[in-house]
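Below: one structure, written as C-alpha cells.
The values are calculated or read from the model by the stated rules, or taken from the named source; none is laboratory data. All of these numbers come straight from a predicted model, not from anything done at the bench. Neighbour counts are summed over all protein chains in view; Cβ atoms, including those assigned to glycine, are modelled from backbone coordinates with ideal geometry. Protein only, heavy atoms only, side chains kept; ligands, DNA and RNA dropped before computing areas. Shrake-Rupley method; radii C 1.70, N 1.55, O 1.52, S 1.80 Å.
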Amino acid sequence: MTVFIASLFLPKTVHFTLPGTPPRGSLSGKSHPGNRPVLEKAPSLFQPQPQLNITPPHTPTEEHKRVDPFTNEDGLRVQLPPLDTTTHALGVGAPADRGSPTWGARPDQPMSRANSPPPPLLIDNNRTLQQKAREMGRQGITQPRTLPRSDSHDRVFAHANWKVVNADQGNGGLRNAAEAAAREGKLGDYTWVGTLGMPTEALKGTQQLQDIEDRLATEHDMLSVFCSDKDFDGHYSHFCKQILWPVFHYQIPDNPKSKAYEDHSWKYYVNVNQAFADKIVKNWKRGDVVWVHDYHLLLVPGMVRKKLPDAKIGFFLHVAFPSSEVFRCLAVRKQLLEGMLGANLIGFQIHEYTRHFLQTCSRLLSAEATPDGLQLEDRFVDVVSLPIGIDPVSLSQHRDESEVKKWIDIMRERYAGKKLIVARDKLDHVRGVRQKLLSYELFLNKNPEWRDKIVLIQVALSTSEKSELDATVSDIVTRVNSSWANLAYQPVVYLKQDIDYAQYLALLSIADALMITSQREGMNLTSHEYLFCQDGKIGEKKHGSLILSEFTGTSSLFGGNELSVNPWDYRACSDAIQKALEMGDEEKERRWNKLYEAVNHHTGSHWFSELGSRLDRVYEEQHRRDQTSVPRLSMSTLIQQYKRTERRLFILDFEGTLVSWGPVNKIIPVSPQRTLDVLNDLLLDDRNTIYVMSGRRPEELDRLFRRIPNLGLIAENGCFLKDCGSSTWIEMADSDQIRTWKESVKNILTYYLERTPGAEIEDRRCSLIFHYKSAEDYEAAMRQATDCASHINDACEEQRVHAIPLDGCVLVEPIDWTKSTAAQKIFADLRSHMAPDVTHKSPVDFLMVVGDGREDEKVFKWANTLGEEKVVQEVVTVSLGIRNTEATATLTQGVSGVLMALQKLAQYA
Ligand SMILES: O=P(O)(O)OC[C@H]1O[C@H](O[C@H]2O[C@H](CO)[C@@H](O)[C@H](O)[C@H]2O)[C@H](O)[C@@H](O)[C@@H]1O
C-alpha cells in the first residue's frame with residue numbers, strides 16, 4: 001500500500017550546470033560528467049555566490065566580499081542571489097515556512113515559454129510593452145523570465161549536466177511532517193506527486209527530461225507532473241496567486257478594474273489539476289491512499305474520484321478558509337467546493353476554517369452540514385480540524401550544529417546590550433510586514449527611552465507579489481532608520497533575502513521577541529520554531545515573548561499566552577512591543593511554558609499520522625454505510641417484533657410519509673381519510689402510543705387530526721408538542737426569544753421579498769418561510785434566496801436560528817429545537833410517568849420511527865442508539881426512498897407502503 005502525497009511542488013528539483021559556467025558552489029569548479037551528482041558545499045552569506053545565466057550577455061560572476069549579512073553598503077538592505085538549496089533544505093533542515101520565489105526565475109533552470117512577450121513595438125494604441133510591464137507591476141503581477149522559442153536554449157539545457165537538489169519552493173511544514181512521521185514509523189511507503197517547480201517545456205520530449213523523471217521516481221520516490229509552461233504560469237502565477245491566495249486570506253480587490261474575479265486563468269488551473277489527477281490515477285493501485293494538499297489542487301480530489309470511485313482520498317487545506325461571504329465572490333465557487341468534496345476526509349488547520357467551509361457548502365451547494373461533515377445526496381464527507389506543527393526532533397538536531405552556535409556568537413557580539421525583535425515573513429500584503437514596521441515606528445516615537453536599545457531584524461522572503469508593497473516597506477525602513485539611527489545604532493535591519501538555516505535558528509534563539517502581524521495565515525509555524533528555540537539550551541536568551549496576530553491559525557492554539565494583537569491596531573501593537581520588552585521573568589516563563597507545551601503537543605508527525613488514521617476510520621465508516629445497502633423492511637420480522645411487545649411507541653412523519661407531499665404553505669384541502677383510518681385502527685390497541693411529526697403549525701395539525709384525540713403531535717419540526725389525549729400544546733422554544741429573532745429575520749426577508757416578484761413569506765409560530773416557487777423569474781429568485789439565506793445565517797447565528805435553503809423556499813427556524821429533541825422529550829416524559837415499582841428500564845419495549853426527510857434522520861439516529869444500547873428491546877427505523885440514511889430499513893412503495901404496513905400491524909390488536 002502506497003500513500004501518495006500530492007502537493008504542487010515536489011521536495012526536490014533539478015539544477016543544471018551549463019557549459020562555460022562553474023557549478024554553483026562546487027569545490028573544484030570543474031564540470032561534472034554525465035548525470036552524476038555534483039558535490040557542493042554548504043551555502044553561506046560569507047561565500048562567493050556566482051550567478052549563472054545562459055542568455056547573452058552573461059551576468060559577470062562576481063566575487064562577493066565577506067559581508068556582514070545584517071548590513072550592506074548603504075547600511076540598510078542586503079540583496080543576494082537566491083540561496084543554493086543543495087544543503088539548505090529537507091533532510092538537511094529548513095524553516096517550515098518558505099518563500100515562494102517567482103517561478104521560472106532561476107538562472108540554472110530553463111526559462112518559461114509562457115506568455116513570450118511580443119517584440120518591443122507599440123502593442124495597442126499608444127502603450128508600449130514597457131508601459132504595459134509597468135502597469136502589470138503596479139497591479140502586483142510579476143512575469144517569469146520568458147523566452148521565445150530558441151533551439152539554442154533548448155539544446156543547451158538538453159545536454160547540460162544536472163543534479164537533483166532540495167527545492168526551495170513549496171510547503172516545508174508538510175515535508176517536515178511527512179519525514180517525521182516516516183522516521184517515527186507512522187508512515188509506511190509514500191510517494192510524492194508534484195511538479196519540478198521549474199519550466200519544463202524547453203525539455204519536452206528529450207531524453208534529459210525522461211532521465212530526470214526516472215531518477216526522481218526510482219531514487220526519491222517522487223512522481224513528476226509535467227504540464228506546459230503556459231498552464232503552469234496561468235495556474236500558479238495567475239489563478240493561485242492573484243485569485244485564490246488573496247481571496248482565501250480575505251484580500252478582496254476592491255478596485256473596479258481588478259481582474260481578480262475574471263476566470264481567464266481558470267482553464268489553466270483546471271489543466272494543472274487534471275495533470276495531477278491523471279498522474280495519480282495512472283499509478284494508483286487498490287488499497288493505495290491519496291492525500292492532496294493545499295489550495296493549488298482543490299479540484300484534484302473530485303477528478304480522482306471520477307475515475308476511481310472507491311479510492312481513499314484525503315484533502316488538507318493549509319491556508320485559511322474564509323467566511324462564506326468572501327468565498328462566494330469567486331466565480332467558480334461551486335466547482336472549487338465540488339472538487340474538494342471528492343475527498344472522503346477534508347482537513348483544515350483550525351475549527352474556524354472548518355466552520356466556514358461547512359457553512360459555505362450548506363449555503364452554496366445546499367448540502368446538509370452536520371458537526372462531523374457534509375451529507376451529500378449519495379455519500380457523506382467527513383470534515384475535521386487538525387493543526388499542523390513542527391518537527392522538534394530534527395529542529396533540535398540542527399540547533400546543535402556548530403554553525404548555529406557560531407552565528408549566535410556573532411550576533412551576541414554584534415547586538416550586545418540591545419533587545420532584539422525578530423521576524424521572517426514572506427513579503428506580500430497578507431503577511432502584514434508593513435503594519436509591523438509602522439507599529440515599530442510608533443513604538444520608537446512613543447518610547448524615546450527605548451531608542452538605542454532595541455533592534456528589529458526583519459527577514460523578508462521574496463514572492464511574486466512585488467509592486468508598491470516592496471517600495472512602501474523600504475520607505476518605512478529608510479524613514480525609521482534615518483530618524484533614529486546613529487553611527488553605532490540602526491533600529492531596523494531589513495534583509496530582503498532568505499537567510500540560511502543556521503542563521504535562522506540562531507536568530508530565533510537569540511531573540512527577545514518574535515513579532516508576527518499577518519493579516520491572515522493558516523498556521524504560523526515560525527512562531528512554533530521560535531518557541532522551541534527559546535528553551536535556553538543554546539544561547540543565553542530564553543522564554544522570549546511572542547507577539548502574534550490574532551488572525552493566524554496558530555493564535556487559536558495558544559490560549560492567550562502569546563501577546564495577541566490585531567495588526568491593524570498600530571497602537572496596540574506598539575503597546576505589545578513594550579509589554580514584550582518590559583515583562584518580568586516570571587511572567588515570561590509562565591507564558592512560555594504554556595506555549596511550549598502547545599508546540600510540543602501539536603507536532604508535525606502527530607498531525608500527519610492522526611490525519612492518516614482519521615482517514616482510515618472515516619473511509620471504513622463511509623463504506624460500511626454505502627455497502628450495507630439498507631434492507632427493505634421485512635414485514636414478517638416487524639409483525640413478530642410487534643407481537644412480542646406490550647408498550648409500543650410510534651413516531652411517524654406526516655408529509656411524504658403518511659400523506660403525499662404537498663407544498664408546505666398550502667393546507668391540505670381534503671382530510672387524508674385513509675391515513676386517519678389507519679391511525680385510528682392502530683390506536684384501538686391501548687398498548688400503542690402514536691405521535692405524528694410535521695413542519696406545520698399547531699392549529700393546522702389540530703384541524704387535520706381533530707377526529708383522533710388520543711394522537712400525540714409534534715408541530716413546526718419540534719418547536720411544539722401536544723401529548724396524547726391532551727388539548728394543550730407545549731411550546732418548546734422560548735417565545736420571547738422567538739419574537740426577537742423573528743423581528744430581525746422578517747426585516748431581512750422583506751428586503752429580499754421586495755426584490756423577488758412572485759415570492760411570499762409564510763409566518764409560522766416558530767419559523768418563517770420564504771417561498772419563491774411561484775416567483776416570476778425562478779433563476780433570479782434562486783439567487784436572491786441564496787443571498788437571503790447567507791444574510792440571515794451571518795446576521796442571526798447568535799440568536800440560535802438558521803436559514804436552510806430547500807427546494808423552492810428558504811426555511812428559517814431555531815437551531816435548538818428539532819424533531820429529535822421533541823422525540824427525546826416524549827421519551828423522557830413517558831419515562832417520568834412510569835410507576836415507581838416497575839422493573840423495566842424503559843417506558844416502551846417497541847419503538848418505530850418512519851420518515852422520508854433530512855430532519856427525520858436525527859430521529860432515526862436517536863432511536864437506533866436506544867436499540868444499540870438495549871434501552872428499548874425492539875427498535876425499527878424506516879426511511880422512504882433510496883437516499884443515504886441512518887434508518888435500519890427502507891420502504892420504497894412510498895406513502896401507500898407505510899399505510900399498508902401500519903394497517904397490517906393494527907390487525908394484531
Ligand atoms: O506560496 P505558495 O507556493 O502558493 O504556497 C503557499 C504557502 O504554503 C505553505 O504555507 C502554508 O502551509 C503552512 C503549513 O501548513 C502553514 O503554516 C501556512 O500558514 C500556509 O500558508 C508554505 O509554508 C508557505 O511558504 C507558502 O507560501
* What residue, of Gly389, Gly417, is within 16 Å of the ligand (Cβ to nearest atom) and either under 30 Å from Lys241 (Cα atoms) or open to solvent by 50 Å² or more (accessible area, probe 1.4 Å) (or both)? -> Gly389
* Asked: What about Asp498, is it within 16 Å of the ligand (Cβ to nearest atom) and either open to solvent by 10 Å² or more (accessible area, probe 1.4 Å) or not aromatic (Phe, Trp, Tyr) (or both)?
  -> yes
* **Elements of type strands (runs of 3 or more DSSP E) contained in the range 366-485, each with 3 or more residues being touching a residue at least 40 places away in the same chain (Cβ under 8 Å)** => 380-385, 419-426, 454-461
* If only one of Leu563, Leu557 is within 16 Å of the ligand (Cβ to nearest atom), aliphatic (A, V, I, L, M) and under 27 Å from Phe348 (Cβ atoms), which one is it? -> Leu557
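Mind counting the residues in the range 524-554 that are within 16 Å of the ligand (Cβ to nearest atom), part of a loop (DSSP other than H, G, I, E, B) and charged (D, E, K, R)? Let's see the steps before the verdict.
Keep residues of the range 524-554 that are within 16 Å of the ligand (Cβ to nearest atom), which gives 524-532, 546, 548-554.
If we keep only those that are part of a loop (DSSP other than H, G, I, E, B) too, we end up with 524, 550-551.
Those still in the list that are charged (D, E, K, R) too: 550.
Total meeting the criteria: 1.
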* **All positions within the range 478-518 that are touching a strand residue (DSSP E or B) at 6+ places or on another chain (Cβ under 7 Å) and farther than 27 Å from Val404 by Cβ** => Val480, Asn481
* Structure fact -> Note on the range 153-178: residues within 10 Å of the ligand (Cβ to nearest atom), in contact with a His (Cβ under 9 Å, 6 or more places away or on another chain) and among the polar types (S, T, N, Q) are Asn171
* Asked: Of all residues in the range 266-299, which are among the aliphatic types (A, V, I, L, M), within 16 Å of the ligand (Cβ to nearest atom) and more than 30 Å from Ser555 (Cβ to Cβ)?
  -> Val272, Leu299
* Among the numbered criteria (1) in a loop (DSSP other than H, G, I, E, B); (2) open to solvent by less than 50 Å² (accessible area, probe 1.4 Å), which single criterion is violated by Phe226? -> (2)
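Among Thr200, Thr218, which is open to solvent by 50 Å² or more (accessible area, probe 1.4 Å), of a type in the set (Val, Ile, Thr) and either more than 26 Å from Val289 (Cα to Cα) or modelled with pLDDT of 95 or more (or both)? Before you say what the answer is, go through the steps one by one.
On the way: Thr200 fails: open to solvent by 50 Å² or more (accessible area, probe 1.4 Å).
The match here is Thr218.
Conditions tested, residue by residue: (1) under 24 Å from Asn566 (Cβ atoms); (2) of a type outside the set (Asp, Glu).
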site: Val430; (1), (2): yes, yes
site: Val433; (1), (2): yes, yes
site: Asn447; (1), (2): yes, yes
site: Gln458; (1), (2): yes, yes
site: Glu468; (1), (2): yes, no
site: Val477; (1), (2): yes, yes
site: Ala488; (1), (2): no, yes
site: Pro491; (1), (2): yes, yes
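Name every residue in the range 501-523 that is polar (S, T, N, Q) and within 16 Å of the ligand (Cβ to nearest atom), in order of residue number. Break it down stepwise before answering.
Residues of the range 501-523 that are polar (S, T, N, Q), as a first pass: 503, 509, 517-519.
Thr517, Ser518, Gln519, listed by residue number.
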* **Test set (1) modelled with pLDDT of 95 or more; (2) in contact with a Ser or Thr (Cβ under 9 Å, 6 or more places away or on another chain) - Leu420 fails condition number** => (2)
* For residues in the range 164-175 being open to solvent by less than 20 Å² (accessible area, probe 1.4 Å) and in contact with a Lys or Arg (Cβ under 8 Å, 6 or more places away or on another chain), which is farthest from Leu317 (Cα to Cα)? -> Val165
* To do: For the range 312-338, enumerate the residues that are of a type in the set (Val, Ile, Thr) and within 16 Å of the ligand (Cβ to nearest atom).
  => Val319
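Hey, any hits in the range 512-530 for a residue that's β-branched (Val, Ile, Thr) and over 32 Å from the mean Cα position of the chain (by Cα)?
no
Can you find even one residue in the range 451-461 that is open to solvent by 20 Å² or more (accessible area, probe 1.4 Å) and under 30 Å from the mean Cα position of the chain (by Cα)? Before you say what the answer is, go through the steps one by one.
Applying the first criterion (open to solvent by 20 Å² or more (accessible area, probe 1.4 Å)) to the range 451-461 yields 451-453.
This time we only want the ones that are under 30 Å from the mean Cα position of the chain (by Cα), so: none.
No, there is no match, as no residue in the range 451-461 is open to solvent by 20 Å² or more (accessible area, probe 1.4 Å) and under 30 Å from the mean Cα position of the chain (by Cα).
Looking for whichever is within 16 Å of the ligand (Cβ to nearest atom) and either part of a loop (DSSP other than H, G, I, E, B) or under 18 Å from Arg106 (Cβ atoms) (or both) here; the options are Gly205, Gly194. Which one fits?
Details: Gly205 fails: within 16 Å of the ligand (Cβ to nearest atom).
None of the others qualify; the one that does is Gly194.
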* Structure fact -> In the range 313-343, anything touching a residue at least 40 places away in the same chain (Cβ under 8 Å) and open to solvent by 30 Å² or more (accessible area, probe 1.4 Å) is listed as Glu325, Arg328, Cys329, Ala331
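Per-residue answers, yes or no, for (1) among the hydroxyl-bearing types (Ser, Thr, Tyr); (2) more than 22 Å from Phe226 (Cα to Cα):
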position: Tyr268; (1), (2): yes, no
position: Asn273; (1), (2): no, no
position: Val281; (1), (2): no, no
position: Arg286; (1), (2): no, yes
position: Pro301; (1), (2): no, no
position: Lys306; (1), (2): no, no
position: Ala311; (1), (2): no, yes
position: Gly314; (1), (2): no, yes
